[in-house]
1. Tally time: how many residues in the range 1-48 are open to solvent by 90 Å² or more (accessible area, probe 1.4 Å), under 60 Å from the mean Cα position of the chain (by Cα) and of a type in the set (A, V, I, L, M)?
2. Given the criteria within 27 Å of the chain's Cα centre (by Cα), of a type outside the set (D, E) and assigned to a helix (DSSP H, G or I), does V81 qualify?
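The values are calculated or read from the model by the stated rules, or taken from the named source; none is laboratory data. Since we're looking at a predicted model, the values are computed, not measured. Just the protein is used for accessible areas: all its heavy atoms, side chains included, with ligands, DNA and RNA removed. Shrake-Rupley method; radii C 1.70, N 1.55, O 1.52, S 1.80 Å.
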Amino acid sequence: MLSVQLKEGKQGKKRKEAAVKEKLNQAIAAGEKLTNELWREVNEVGRKVYEAEKELESDLKTVESEISKFQLESKQWVSLVHSLGSELKPLGDVTNWLEHTEESLMQCAEDINQLLSSDDSDVATDTSASSPG
């Protein structure tokens, strides 16, 4: 009877060990599955981050290129405006000269008119004095 109990105890122990081993194997398999899922998720997120980084780098290069073009065009516009101002300055000088010349000519014209009108009045005075009355 003791040997039967001993035998049953050993069989029970083996069953428990097998059950524990089975649970351990299931836990290991679940751990491996979880680890694989986590790595897959980490890799997926890493891939997305890498792609986003590459896209940002590409966009950054595009923006840098556009900024360079804009700076060059801005410098060209500044140069163009400066040269236009330089070209217009002599026109302003000519305009100023013309205004002064016009003022001088107007003054000369007034002086001539005054002289002519004073000559006319002198002539009229001379003719009235020399006419027999």
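1. Here the count works out to 2.
2. yes
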